[in-house]
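Engineer: Mind looking over this structure? Questions follow.
The values are calculated or read from the model by the stated rules, or taken from the named source; none is laboratory data. Bear in mind that the values here come from a model prediction, so they are computed numbers and not experimental data. Every residue, glycine as well, gets a Cβ built from its backbone with ideal geometry; the counts of neighbours run over all protein chains shown.
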Amino acid sequence: MDPSEVTVPPLKNLTIDNITDNVKLINSQCPNPRMKYILERIVQHLHDFARETRLSHDEWMTGLLFLTSVGQICTDVRQEFILLSDILGLSLLVDSIDHPKPPQSTEGTVLGPFHSHEAEVAPNGSIIAHDPDGEPCLVLCDIKDTDGKPISDVKIDIWETDSKGFYDVQYAGREGPDQRAVMHSDKEGVFWFKAIVPVPYPIPHDGPVGKLLVQLKRHCYRPSHMHFMFEKKGYDHLITALYLRGDPYETSDAVFGVKDSLLIDLGTVDAEQAKKYDVKEGSKLITYKFVLVTEDESSKLREKNAMAAMEAQGRKMKFWNGLPIPEQD
């Protein structure tokens, strides 16, 4: 960039008290109003944090080196930054803000670091888990809208661990995806498959995030769960999971993913179901009725919630591309 083509506001003599205003001033010519607003608030909060805690140089350098190590361990099948976001509760917070749900609709939760795009498309009734040590489980679900009407042809991404608590991508030399699949709901909004009973497991704790948990005297375990992700044009994107009630880690999930509405009880396959779905009578059963909201429903609720939050902060805001920015720039 040619310096002669850039008009930079003159900076004042920099001090602890005015450095924040100077940084916001020099960033103030950003043409993207949302980016400008986000950077303004990031700078304000970061600087206030440093002043409030009287942050030392050694502490800041420790933080920088920690973030560097988080980035260095990331791969295409291990996203340590997502894991860091998860264990700080930020992932769940952002999802809850960006994908608000009206009452009686299915709540979202964290994506986690082990979703992949390798899953094969499978028809209803498929066996998606081939772990011989896993306890067989029939999963029988349906999908409706908020008016109770079935939604057909929803793309459903499903993934879980094996019986030892590991995802397929955690194994070196694996031959292909397992414990995961992509399915589509039928004309009645139903999808079903054969899997294994979810088990609790530790999040990856051999890296910087795991070391941080040790420093915080926190455990690294997640309660038993199965992941689901729903996509269909016109409907709000839903990332969620079902958690087994009574799991020893139900109330202390390392990544804050559990919500009461997502807790389920394992059922038992009866004789009629065993015959209909070709599974053993008495085997475990997961059932759930998922309720999706439309993009329009979600957008209106998101703007309503955002405006209420901004008014509570005393801020006059308007919306730009569906996101709040200051009304007076």
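Engineer: Determine, yes or no, whether LEU301 is in contact (Cβ under 8 Å) with a residue 40 or more places away in the chain and buried (at least 18 other Cβ atoms within 10 Å of the Cβ). Full working, then the answer.
Structural biologist: Details: in contact (Cβ under 8 Å) with a residue 40 or more places away in the chain: yes; buried (at least 18 other Cβ atoms within 10 Å of the Cβ): no.
The answer is no for LEU301.
Engineer: I need a count of the residues in the stretch 247-273 that are touching a residue at least 12 places away in the same chain (Cβ under 8 Å) and over 15 Å from the mean Cα position of the chain (by Cα). Full working, then the answer.
Structural biologist: Of all residues in the stretch 247-273, those touching a residue at least 12 places away in the same chain (Cβ under 8 Å) come to 247-250, 252-259, 261-269, 273.
Applying the additional criterion that residues be over 15 Å from the mean Cα position of the chain (by Cα) yields 247-250, 252, 261, 263-269, 273.
The total comes to 14.
Engineer: Condition first: buried (at least 17 other Cβ atoms within 10 Å of the Cβ), aromatic (Phe, Trp, Tyr) and not in a strand (DSSP E or B). Can you find one or more residues in the stretch 240-249 that meet it? Break it down stepwise before answering.
Structural biologist: Here is the first cut: in the stretch 240-249, the ones buried (at least 17 other Cβ atoms within 10 Å of the Cβ) are 240-244, 247, 249.
Now narrow it down to the ones that are aromatic (Phe, Trp, Tyr): 243, 249.
With the extra rule that they be not in a strand (DSSP E or B), the set shrinks to 249.
Looking through the stretch 240-249, at least one residue is buried (at least 17 other Cβ atoms within 10 Å of the Cβ), aromatic (Phe, Trp, Tyr) and not in a strand (DSSP E or B).
Engineer: May I pose another question? How many residues does the stretch 22-45 hold that are part of a helix (DSSP H, G or I), loosely packed, with under 15 Cβ neighbours inside 10 Å, at pLDDT below 95 and not aliphatic (A, V, I, L, M)?
Structural biologist: 0
Engineer: Looking only at the stretch 138-159, decide whether some residue is within 15 Å of the chain's Cα centre (by Cα), of a type outside the set (A, V, I, L, M, F, W, C) and closer than 29 Å to GLN215 by Cα.
Structural biologist: Taking the stretch 138-159 as the starting set, the residues that turn out to be within 15 Å of the chain's Cα centre (by Cα) are 157-159.
Retained after the next criterion (residues that are of a type outside the set (A, V, I, L, M, F, W, C)): 157.
With closer than 29 Å to GLN215 by Cα added as a condition, the list becomes none.
No, the stretch 138-159 has no match at all.
Engineer: Need pairs with beta-carbon distance below 6 Å; first residue among the aliphatic types (A, V, I, L, M) and within the stretch 107-127, second assigned to a loop (DSSP other than H, G, I, E, B) and crowded, with 17+ Cβ neighbours inside 10 Å; sequence gap 6+ or separate chains.
Structural biologist: Filtered contacts from the stretch 107-127: VAL110/VAL255; VAL110/GLY257; ALA119/PRO177.
Engineer: What single numbered condition from (1) among the polar types (S, T, N, Q); (2) closer than 16 Å to LEU242 by Cβ; (3) in contact with a helix residue (DSSP H, G or I) (Cβ under 8 Å, 6 or more places away or on another chain) fails to hold for SER105?
Structural biologist: (3)
Results for (1) surrounded by fewer than 19 Cβ atoms within 10 Å (Cβ to Cβ); (2) more than 14 Å from the chain's Cα centre (by Cα), shown as yes or no for each residue.
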position	(1), (2)
PHE81	yes, no
LEU84	no, no
LEU88	yes, no
SER91	no, no
SER96	yes, no
LYS101	no, yes
GLN104	yes, yes
GLY112	no, no
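Engineer: Let me ask something else. In the stretch 274-321, what residues are over 24 Å from the mean Cα position of the chain (by Cα), assigned to a strand (DSSP E or B) and assigned by TED's automatic domain parsing to the domain that holds LYS144?
Structural biologist: Within the stretch 274-321, LYS284, LEU285 qualify.
Engineer: On to the next question. Just one of the numbered conditions (1) assigned to a helix (DSSP H, G or I); (2) more than 27 Å from GLY207 (Cβ to Cβ); (3) among the hydroxyl-bearing types (Ser, Thr, Tyr) is not true of THR106; which one?
Structural biologist: THR106 satisfies all of (1) assigned to a helix (DSSP H, G or I); (2) more than 27 Å from GLY207 (Cβ to Cβ); (3) among the hydroxyl-bearing types (Ser, Thr, Tyr) except (1).
Engineer: Restricting to the stretch 46-78, and then to whatever is under 12 Å from GLY207 (Cα atoms) and not in a helix (DSSP H, G or I), can you tell me which residue is modelled with the lowest pLDDT?
Structural biologist: Filtering first and then ranking leaves ARG78.
Engineer: For the condition under 23 Å from GLU250 (Cβ atoms) and surrounded by fewer than 17 Cβ atoms within 10 Å (Cβ to Cβ), what is the one hit in LYS164, LYS187? Break it down into steps so the answer makes sense when it comes.
Structural biologist: Details: LYS187 fails: under 23 Å from GLU250 (Cβ atoms).
Residue meeting the stated conditions: LYS164.
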